[in-house]
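Some notes on the structure that comes next.
The values are calculated or read from the model by the stated rules, or taken from the named source; none is laboratory data. Please read these numbers as outputs of a predicted model, since none were measured by experiment. Cβ: placed from backbone, ideal geometry, glycine included. Neighbour counts: every protein chain shown.
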Amino acid sequence: MRRADRIGAGGAHIDLVLPGLRRVRVGYPLGFSNSYLVDSEDGPTLIDTGTAGALRAILQAVRDSGRAPRDVRHIALTHAHFDHAGTLARLAVATGAQVWVHSADAAAVRSGAAGPLPTFEPRLIAAFMRRLPSPGWRAWPAARTLEDGALVGGDLRAIHNPGHTPGHTSYLWPAHGGVLFTGDTLTNFGRVRLGLINGDWPATKIAARQLAALDFDTVVFGHGPPIVGRATTLVRRDVDRIAG
């Protein structure tokens, strides 16, 4: 993990993961979520937009990269949950970027409603979480849909892997020997794990095995720090344990 090149207000951190790849980590009451700025083939692409408080940090990451907000060409969502799409509409306005989401999660993004209510493990956490308010986000009716295998930004390949949500999508960037963006199918808290919150647990395990079968050298997560270098071996070992 590289040293943070900037620490922002409100627990926001901007890290240079690899040349052309920045992580923006923003805190919220239940933890931290990551957004990523990628120097994709067709110009800068944002993968996920964090919670509603992430706007300032993400725009600062764009400026740190030597670009202006209006240089951002695309915003690609992994899924329609508040901690990944919370500041989507404001970022879309600030950048003018085209917004992409899988068709199965598009209704939530276009309406501004919260994504599908997930199930949880263990059940005690489920009972607590279901009583919390569900933060939403502003609708973005102009969001365009993508399907499995689509290329965003020219070279970010969309990988539809439902389970966390019906439209959950990971992305594979060919630079640096392959960079896998797992979204919430996989997390990294001491070791690689399944996301804590999933709509369909059996499907999420299938999705994890699908990602582990890919070739990549770096893996970055919706929650938790990146693994830079020889990431395939580590991911396959842990996925065998959690989803074998």
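General remarks:
Results for (1) in a strand (DSSP E or B); (2) modelled with pLDDT of 95 or more; (3) not polar (S, T, N, Q), shown as yes or no for each residue.
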residue: Pro202; (1), (2), (3): no, no, yes
residue: Lys205; (1), (2), (3): no, yes, yes
residue: Arg209; (1), (2), (3): no, yes, yes
residue: Phe216; (1), (2), (3): no, yes, yes
residue: Val219; (1), (2), (3): yes, yes, yes
residue: His223; (1), (2), (3): no, yes, yes
residue: Leu234; (1), (2), (3): no, yes, yes
residue: Val239; (1), (2), (3): no, yes, yes
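- Verdict on Thr187 being closer than 23 Å to Gly112 by Cα, assigned to a strand (DSSP E or B) and of a type outside the set (Gly, Ala, Ser): no
- Hits in the stretch 28-82 (condition: over 16 Å from the mean Cα position of the chain (by Cα), hydroxyl-bearing (Ser, Thr, Tyr) and crowded, with 24+ Cβ neighbours inside 10 Å): none
- Scanning the stretch 154-178 for residues that are buried (at least 24 other Cβ atoms within 10 Å of the Cβ), over 11 Å from Val220 (Cβ atoms) and touching a residue at least 60 places away in the same chain (Cβ under 8 Å) gives Leu156, His164, Thr165, Gly167, His168, Thr169.
- In the stretch 58-78 there is at least one residue that is in contact (Cβ under 8 Å) with a residue 40 or more places away in the chain, touching a His at 6+ places or on another chain (Cβ under 7 Å) and either over 19 Å from His168 (Cβ atoms) or not charged (D, E, K, R) (or both).
- Boolean, Arg23 is among the basic types (Lys, Arg), in contact with a Pro (Cβ under 6 Å, 6 or more places away or on another chain) and outside any helix (DSSP H, G or I): no
- Residue in the stretch 63-80 that is in contact with a Gly (Cβ under 6 Å, 6 or more places away or on another chain), hydrophobic (A, V, I, L, M, F, W, C), under 27 Å from Ala108 (Cα atoms) and modelled with pLDDT under 95 present: yes
- Of all the numbered requirements in (1) in a loop (DSSP other than H, G, I, E, B); (2) under 23 Å from Ile14 (Cβ atoms), Leu180 misses one, and that requirement is (1).
- Some residue of the stretch 184-192 being at pLDDT 95 or above, among the acidic types (Asp, Glu) and in contact with a Pro (Cβ under 7 Å, 6 or more places away or on another chain): no
- Applying the condition of being farther than 25 Å from Leu55 by Cα and among the hydrophobic types (A, V, I, L, M, F, W, C) to the stretch 120-150 and asking which residue is modelled with the highest pLDDT yields Ala150.
- The condition (being crowded, with 19+ Cβ neighbours inside 10 Å and closer than 20 Å to Arg22 by Cβ) is satisfied by just one residue among Ala243, Ala212, Ala231, Ala208: Ala231.
- Put simply, of Phe181, Phe189, Phe221 the only residue that is surrounded by fewer than 17 Cβ atoms within 10 Å (Cβ to Cβ) and within 16 Å of the chain's Cα centre (by Cα) is Phe189.
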